[in-house]
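Read the structure below first, then the notes.
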Amino acid sequence: MPALTPEYTNYWMKAQKYLVGGVSSSFRINPFTDIPMYVSRADGAHIYGIDGRKYIDFFMGHGACTLGHNRPEIRNAMQKVFDLGFFAEFDHPLTAQLAQKIVEHIPCAESVRYVNSGSEATLLSLRLARGYTGRQKIVRIDGHFHGGHDYALPNNLAAFVDLTNPGDRLSKITNLSAGIPDAIRDTIYLIPWNNAQVFEQLALEKGDEIAAIIMNPIDFNNGCITTTTEYLQAIREICDRHGIVFIIDEILAGFRTGISCAEGYYGVTPDVCLLGKALTNGVPLAAIAGKDRIMQKIMDPVNPVVAGGTFSGNLLGCAAGIASMEIMEQPGFFEPWLGRADAFLQDVQAGFDEEGFPAIVQHLGCTFGIYIGTREPVLNYHDIAYKTNPALRTAFFTKCIEKGLYFHTDFTVSAMHDEELLAAASKIMRDAARETKAEMK
C-alpha cells in the first residue's frame, strides 16, 4: 500500500473498535498488503480510497462487477425498486422476469430458486441433491472453492490441497478450520480435478452413497486453471450411469466467457448450476438453476427440501440482474470486451518476458491469474505449490497497488476497462516487474 495517511490510519483504528478486525468479512484483508482497502466510491473501472487515492481496479468486487462499477442501467433499474415500497418479503413480476432470462440463456436451467449469496447457493444445492437422491455423500474437487459453509471449507483452496496425492486417488482432508465439526469428514469425498478415472472408480465402489459431485468449471479462485470438454463430458456420463447429480458452480465462472456461462462455453450441461456475482453485477443475489425433476423436490408435498428466506429473490437484486442480463444480451457485447482483455493480457505477458521477470499470465474470458516465479504453464495445484514464488508475488502486487493498480483476488478485466486504461495498466505492471526484480535480487 502507499504510505497511509492520518485519515486512513484513524479510520482503520476506529473500524477495529466496532468491527471485528476492522472489516465486515475476513476476505476484505488484502492478501498482499495485509491491510483492508476502505473505499469511498467506485465508478467504471476505478475505485477511490477514503484517502482520495484513485486506483484502476482489477478486483472488481471479488470479480462480481464484470460490467463495471456504478453502471447507469443497473443503478436506474434499482432506483425504480425504491418506488415500490418493499424490497423483499413478497414476490413481484421482477422475480419471475429474471428467472425467465436465466432459463432462456443457461443450458441446464429449467427452473430457478433464489438465495442471497454464493455460499447459500452451494449449501442449498447440496441439500437439494441429498433430498432428491436420498443419498448422503458429496464429492468435491480438492482445492475448489464453494463458499464459507462447513461442507465447503475443507481443502477449499490450493493452499490446503492434499499435496501427497499425485492425482490418481482420493485426497485427504488437510484442514478443518476452527468451528467445523469433525463429523464433516464423513459427509464428503475429495478427488483431484481433471482425472475422471478417480471419480469413475469411486462411483463404482460407493455410487449408492453419492448424492452429487460439485465443481468449478474454471478455477478462478486459484488464478486461472481450466478443464476440458472431454473431462466434463466424462463426469456427465458417470453421473448418468450412477444416478449422481452433477452440479457446476458458476458463481465466479459465470458470464465471463459469454451469456451461456462456462457450461455453454464447454458444451456440457450439468443437472444444476449456481449463479451469482456477475449475474447482478455485484448486487446481493444468487440463484440455483437446474432440471425440473430435481428442482421440484423443493415443492414436494410430502417431504420437501426446505429452500427459503426473508430476502430470497430481493427486488434490488432481481432488478440489477435483469438490467445486467439485458446489457449482456446485446448483440456483439462480449466480443470487443473479451478481445480487449485478451490483447491486454498478451501485452502484460510480453512485458514480463521482455523484462526477464518470471511470471505467466493465464486467462479465460475476462478473468485471469498471474503466477509469479515461473514461466511454465500452471496446470494444477502442485504447480502452484512447487513452481511459484510467494515472496516475489507479494512484492510485485504490493508494488502494483502502490502505483495505483488495485489487485486483491479474482483478477478481472471489466467491460469498462477501455484500451487507454489497459495500456496504462500494462505499462505500470511492466515497471513494477522491473523494479521488483531489481529489489528482490
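None of the figures in this text is laboratory data; all of them are computed from the coordinates on show. In this text the structure is predicted, and so the values were computed from the model without any measurement. Cβ: placed from backbone, ideal geometry, glycine included. Neighbour counts: every protein chain shown.
Its relative contact order, with pairs defined as Cα atoms under 8 Å and 6+ residues apart, puts segment 127-181 at 26 percent. Across the cross-link table entries 277/437; 172/206; 54/80; 403/437, which are compared at the Cα atoms, the separations over 27 Å belong to 277/437; 54/80. Where only DSSP H runs of four or more residues are counted, the chain gives -12000 deg cm²/dmol as its mean residue ellipticity at 222 nm, each run worth -39500 (n - 2.57).
If you count the DSSP beta bridges with both ends in segment 72-328, what percent of them are antiparallel, to the nearest 5? Of those bridges, close to 40 percent are antiparallel. Under the shape rule built on the C-alpha gyration tensor, where the axes satisfy a ≥ b ≥ c, segment 118-262 is rounded, since a/c falls short of 1.5.
In this label model, residue 25 and residue 241 are separated by 4.0 nm, measuring between points 7 Å along each Cα→Cβ vector. Relative intensity of segment 72-328 on a log10 scale, I(q)/I(0) at q = 0.10, 0.12 Å⁻¹, equals -0.47, -0.68, per a Debye sum over C-alpha point scatterers of equal strength in the absence of solvent.
The three principal axes of the Cα atoms in the chain give end-to-end lengths of 63, 58, 48 Å, sorted in falling order. Electrostatic tally near residue 276: other residues with Cβ closer than 11 Å to its Cβ, Lys and Arg +1, Asp and Glu -1, net -2.
Cα centroid separation, segment 392-441 to segment 170-188: 37 Å. Cβ crowding within 10 Å ranks 439, 7 as 439, 7, fewest other Cβ atoms first.
DSSP bridge analysis restricted to the chain gives an antiparallel fraction near 60%, rounded to the nearest 5.
Listing 406, 132 from fewest to most neighbouring C-beta atoms within 10 Å gives 406, 132. FRET efficiency for the residue 402 to residue 18 pair, using the beta carbon distance and R₀ = 30 Å, is estimated at 0.60.
Among residues other than residue 259 with Cβ under 15 Å from its Cβ, the summed charge is -3 (Lys and Arg +1, Asp and Glu -1). Modelled spin labels at residue 394 and residue 303, positioned 7 Å past Cα toward Cβ, are 5.1 nm from each other. A crude spin-label estimate for the pair residue 75 and residue 230, with each label 7 Å from Cα along the Cβ direction, gives 4.9 nm.
Note on the chain: GNM, Cα springs under 10 Å; of 19, 379, 422, the largest mean-square fluctuation is that of 19.
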